[in-house]
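Engineer: Take a look at this one; I'll ask things after.
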């Protein structure tokens, strides 16, 4: 039990608790309070400048920008001084991530290709949840080769980068050229600060807030501002200070922001749900995309790249362990929920809420987590046999 609440596992446990609590409220007499909570209007205004959103979108657009800021810092750190620094170590996880994005999208498209509205969700099963996947892997303790953890981490980071590109390109709406120009201006300021090697993180954070507002108003999703800010933070000359900044974000992001995000986004009401919803092509496309598409795509692209000599399977990892971690990567949860909230949100009075996409995300992630854990438990050697 202690292992369950330690380190990487704790975030996954909190996400599960938040999800169960949200679903319990949504399916009880407390459902109206839950819905009222996430729909509370929050308005920030300065003279004629106004940002008016329900609490749900302040969390998804605002708090999650901090999550994406941390993701941006992690990507930069891994590229400059971490596991992605050596190109030879990048090839296999990069190709694996590519396979893990292509096949889920193809499976979803095969089931929903004839429905334009349903096709808004094509990217939902492409994502891997780093916290959940690593958390479940850590439950196996020292039986897990370090190289397998590194492979999953690198894969998930590259996967996140792919998801960020997809969000930026396909899930914006009503793009404002003026706001984009303002965002470009603040991005240029960040670039200048980086080149001048300005060492005070507070300066970057202040500019980052202005950038977030500009991106929010531009029609491009606001969380992209967090990624941009993270990538422009100087690292090489100020490793200790900015690594400390990244470390300081882990607690609020993993233990506060992500559980809050899970709570407000997973309140699925089952009262009006039928077996038709479970068999809906959107639900099946997401669930099969995560559980089958991610598994086959990641394993196949990794295995083929190794056979062709393009990449290498991590040292100390056999094909059974590689297949097991490919299954675990089908846990989409946080990023899939986030993309789902963008795909089927209401814009300009037009709503695309055909079926609750969260059902497919939960089914696919649950299958991937349970099957992946027990499969790896059966194929990884016990510590005593090493």
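Engineer: Filter the stretch 267-295 down to residues that are assigned to a helix (DSSP H, G or I) and without any contact (Cβ under 8 Å) to a residue 24 or more places away in the chain, then give me how many there are.
Structural biologist: Number of matching residues: 2.
Engineer: From the set of residues in the stretch 166-185 that are modelled with pLDDT of 85 or more and within 16 Å of residue 229 (Cα to Cα), which is surrounded by the most Cβ atoms within 10 Å (Cβ to Cβ)?
Structural biologist: Filtering the stretch 166-185 for residues that are modelled with pLDDT of 85 or more and within 16 Å of residue 229 (Cα to Cα), the one surrounded by the most Cβ atoms within 10 Å (Cβ to Cβ) comes out as 183.
Every residue, every condition in (1) closer than 30 Å to residue 369 by Cα; (2) in contact with a helix residue (DSSP H, G or I) (Cβ under 6 Å, 6 or more places away or on another chain), yes or no:
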position: 12; (1), (2): yes, yes
position: 17; (1), (2): yes, no
position: 26; (1), (2): yes, yes
position: 48; (1), (2): no, no
position: 51; (1), (2): no, no
position: 56; (1), (2): yes, yes
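Engineer: Given the conditions (1) under 26 Å from residue 367 (Cβ atoms); (2) buried (at least 16 other Cβ atoms within 10 Å of the Cβ), which single one is not true for residue 245?
Structural biologist: Every listed condition holds for residue 245 apart from (1).
Engineer: Moving to a separate point now. Among the residues of the stretch 36-68 satisfying the criterion of being out of contact with any strand residue (DSSP E or B) (no Cβ under 8 Å at 6 or more places or on another chain) and surrounded by fewer than 15 Cβ atoms within 10 Å (Cβ to Cβ), which is modelled with the highest pLDDT?
Structural biologist: Ranking the qualifying residues of the stretch 36-68, first place goes to 36.
Engineer: Considering (1) at pLDDT below 90; (2) buried (at least 19 other Cβ atoms within 10 Å of the Cβ); (3) within 22 Å of residue 247 (Cα to Cα), say which one residue 81 fails and leave the rest.
Structural biologist: Of the numbered conditions (1) at pLDDT below 90; (2) buried (at least 19 other Cβ atoms within 10 Å of the Cβ); (3) within 22 Å of residue 247 (Cα to Cα), the odd one out for residue 81 is (2).
Engineer: Let me ask something else about it. Could you run through the stretch 162-198 and say how many residues are in a loop (DSSP other than H, G, I, E, B), within 12 Å of residue 232 (Cα to Cα) and touching a residue at least 12 places away in the same chain (Cβ under 8 Å)?
Structural biologist: Residues in the stretch 162-198 being in a loop (DSSP other than H, G, I, E, B), within 12 Å of residue 232 (Cα to Cα) and touching a residue at least 12 places away in the same chain (Cβ under 8 Å): 2 in total.
Engineer: When the residues of the stretch 309-329 are filtered to those that are at pLDDT below 90 and farther than 21 Å from residue 142 by Cβ, which remaining residue is surrounded by the fewest Cβ atoms within 10 Å (Cβ to Cβ)?
Structural biologist: Here the residue is 309.
Engineer: I'd like to know if the stretch 263-278 contains one or more residues that are modelled with pLDDT of 90 or more, in contact with a helix residue (DSSP H, G or I) (Cβ under 6 Å, 6 or more places away or on another chain), more than 21 Å from residue 101 (Cα to Cα) and buried (at least 21 other Cβ atoms within 10 Å of the Cβ).
Structural biologist: Checked against the condition, which is being modelled with pLDDT of 90 or more, in contact with a helix residue (DSSP H, G or I) (Cβ under 6 Å, 6 or more places away or on another chain), more than 21 Å from residue 101 (Cα to Cα) and buried (at least 21 other Cβ atoms within 10 Å of the Cβ), the stretch 263-278 yields at least one hit.
Engineer: Here is a further query. Being closer than 21 Å to residue 17 by Cα and part of a loop (DSSP other than H, G, I, E, B) is the filter here, so list the residues in the stretch 303-340 that pass it.
Structural biologist: 329, 330, 331, 332, listed by residue number.
The values are calculated or read from the model by the stated rules, or taken from the named source; none is laboratory data. Predicted model only: the values in this text are computed from it and were never measured. Cβ sites come from the backbone with ideal geometry, for glycine too, and all protein chains shown count toward neighbours.
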